[in-house]
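A.B. asks: Handing you a structure now.
The values are calculated or read from the model by the stated rules, or taken from the named source; none is laboratory data. Owing to the predicted nature of the structure, the values given are computational and were not obtained by experimental measurement. A quick note on method: Cβ atoms are made from the backbone with ideal geometry, for glycine too, and the neighbour counts reach across all protein chains shown. For the accessible areas, the whole protein counts, side chains as well, though only heavy atoms, and no ligand, DNA or RNA atoms are used. Shrake-Rupley method; radii C 1.70, N 1.55, O 1.52, S 1.80 Å.
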Amino acid sequence: MKKNQKYKFIGLLAMTAVLSACDYNDDDNDSVDNDIEAVETTESYVYEVTFTNITQGQMFSPPALTTHASGVTMWQAGESASVALERIAEGGDSSEFIVQDGVEHSVVGDSGLAPGESQTLTLELTPTDSMSISLASMLGNTNDGFTGITNLDISNIGLDQSYQQTLMGYDAGTEKNDEIEVPGVGGEAFNASRSGDVDRVAVHAGILTEHELSGSILLPEHKFDNPTAQLIITRVQ
């Protein structure tokens with residue numbers, strides 16, 4: 001083989017090796033890009049929602065936490081309660097509350113809360129999820145009392161930051177406050193009839209004991225003032 005042909009052959013081999021290396025690097029870069037895209041699409045925000053019973057003698061039902069679009073309200077003072085809310089207020093049943101129209105995600109506590117007890121619910125959301133929440137829990141030693149919050153925007157809570165608020169007790173206005181049919185001490189739970197009550201949600205005025213209302217089965221320790229609960233929301237991721 002002539003000398004100049006030998007050099008051309010060697011040069012061709014070298015160029016082929018370089019091109020092969022470039023192809024390999026391109027594939028590798030594609031893989032990295034795909035990995036980055038996968039990380040971005042699986043980004044999530046994790047919130048720890050801690051709910052505490054701060055009453056003296058009221059039992060709470062397992063708290064029901066939901067997420068939904070901004071502007072959605074699960075109740076409004078002065079307006080009639082939904083049947084889903086009525087089921088929580090009269091019997092602690094949140095099964096309808098967490099599947100109402102507009103609800104995107106829900107978490108329900110695994111047990112009720114005695115006075116002084118807390119429970120933390122974990123909520124994991126993506127950037128495309130709605131960032132408004134509602135939470136409700138029955139006041140067990142009432143006819144139709146509940147506590148909670150509705151349409152709270154949590155989008156401004158930064159990483160490792162917390163939001164804290166005390167929560168009012170409400171009367172669902174769906175059952176007469178005779179202080180007899182009280183689920184917390186073995187009385188009736190949900191009853192679809194709203195006869196005898198005002199049929200509108202209002203801040204709860206408290207309960208009457210056996211010393212104040214004839215026939216009442218409630219005791220002085222069941223009394224409560226507002227607020228009834230404390231809510232702390234911490235973004236941990």
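A.B. asks: Of the conditions (1) open to solvent by less than 40 Å² (accessible area, probe 1.4 Å); (2) under 22 Å from S134 (Cβ atoms); (3) in a loop (DSSP other than H, G, I, E, B), D199 clears all except one; give me its number.
C.D. replies: Condition not satisfied by D199: (1).
A.B. asks: Also, I was wondering about something else. Could you list, in sequence order, the residues of region 122-146 that are open to solvent by less than 10 Å² (accessible area, probe 1.4 Å) and in contact with a strand residue (DSSP E or B) (Cβ under 6 Å, 6 or more places away or on another chain)?
C.D. replies: L123, L125, S132, I133, S134, L135, A136, S137, L139, G145, F146
A.B. asks: So which residues in region 147-159 are touching a strand residue (DSSP E or B) at 6+ places or on another chain (Cβ under 7 Å) and either of a type in the set (D, E, K, R) or closer than 13 Å to V46 by Cα (or both)?
C.D. replies: D153, I154, I157, G158, L159
A.B. asks: If you don't mind, there's one more thing I want to ask. Being open to solvent by 90 Å² or more (accessible area, probe 1.4 Å) and in a helix (DSSP H, G or I) is the filter; apply it to region 24-79 and report the residue that is modelled with the lowest pLDDT.
C.D. replies: Across region 24-79, the extreme among qualifying residues is Y24.
A.B. asks: Among residues belonging to region 92-111 that are assigned to a loop (DSSP other than H, G, I, E, B), open to solvent by 30 Å² or more (accessible area, probe 1.4 Å) and out of contact with any His (no Cβ under 7 Å at 6 or more places or on another chain), point out the one that is nearest to Q58 (Cα to Cα).
C.D. replies: Ranking the qualifying residues of region 92-111, first place goes to S111.
A.B. asks: Sticking with this structure for a sec: If the requirement is being closer than 29 Å to V185 by Cβ and modelled with pLDDT of 95 or more, which of these qualifies: E104, E117?
C.D. replies: E117
So that you can scan it fast, the table gives a plain yes or no per residue for (1) surrounded by 16 or more Cβ atoms within 10 Å (Cβ to Cβ); (2) part of a loop (DSSP other than H, G, I, E, B):
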position	(1), (2)
Y163	yes, no
A192	no, yes
S195	no, yes
I207	yes, yes
D225	no, yes
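A.B. asks: If you don't mind, there's one more thing I want to ask. Assess whether V182 counts as being open to solvent by 30 Å² or more (accessible area, probe 1.4 Å) and either among the β-branched types (V, I, T) or over 21 Å from G92 (Cβ atoms) (or both). Explain how you work it out, then say what you get.
C.D. replies: On the way: open to solvent by 30 Å² or more (accessible area, probe 1.4 Å): no; either among the β-branched types (V, I, T) or over 21 Å from G92 (Cβ atoms) (or both): yes.
Here the answer is no, as V182 does not meet what is asked.
A.B. asks: Looking at this structure, is N156 assigned to a loop (DSSP other than H, G, I, E, B) and closer than 22 Å to N226 by Cα?
C.D. replies: Answer is no for this residue.
A.B. asks: While we're here: So which pairs qualify, if the first residue must be in region 114-136 and under 18 Å from F224 (Cα atoms), the second must be aliphatic (A, V, I, L, M) and open to solvent by less than 20 Å² (accessible area, probe 1.4 Å), the Cβ gap must be under 6 Å, and the two must be at least 6 apart or on different chains?
C.D. replies: A136/A64; A136/I88
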